[in-house]
1. Peptides 75-83, 52-60: what's the order by average Cβ count within 10 Å, highest mean first?
2. At 7 Å along the Cα-to-beta-carbon direction for both residue 92 and residue 43, put a label point, then send me their distance in nm to one decimal.
3. Set the Förster distance to 35 Å, then compute FRET efficiency between residue 76 and residue 56 from the Cβ-Cβ distance, nearest 0.05.
């Protein structure tokens, strides 16, 4: 926290990172590291989809993997929304 000096009557504290000239801190707060989608992950997802299509009973681990994939999609959507909010804020503060 930094002290912003005024005329003695109008002193207030401003938290660093809440400065209007530095809107980038919002992007740092919104990022969540998603899991990597490598070849093994994609292969497993394909097998799960094929089993569901045929009607084969899925195992508990496969349901857990499906839930994790849905969570990952939601995380990516939240990250995209946060990035959009930062860009909109930058545009509104820059006056363009």
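Any read-out appearing in this document is the output of simple, stated calculations on the displayed coordinates, not a laboratory observation. All figures in this text were calculated on a predicted structure; none of them were measured in a lab. Backbone-built Cβ (ideal geometry, glycine too); neighbour counts: all protein chains shown.
1. 75-83, 52-60
2. Distance between the two pseudo-spin positions: 4.8 nm.
3. The calculated FRET efficiency here is 0.75.
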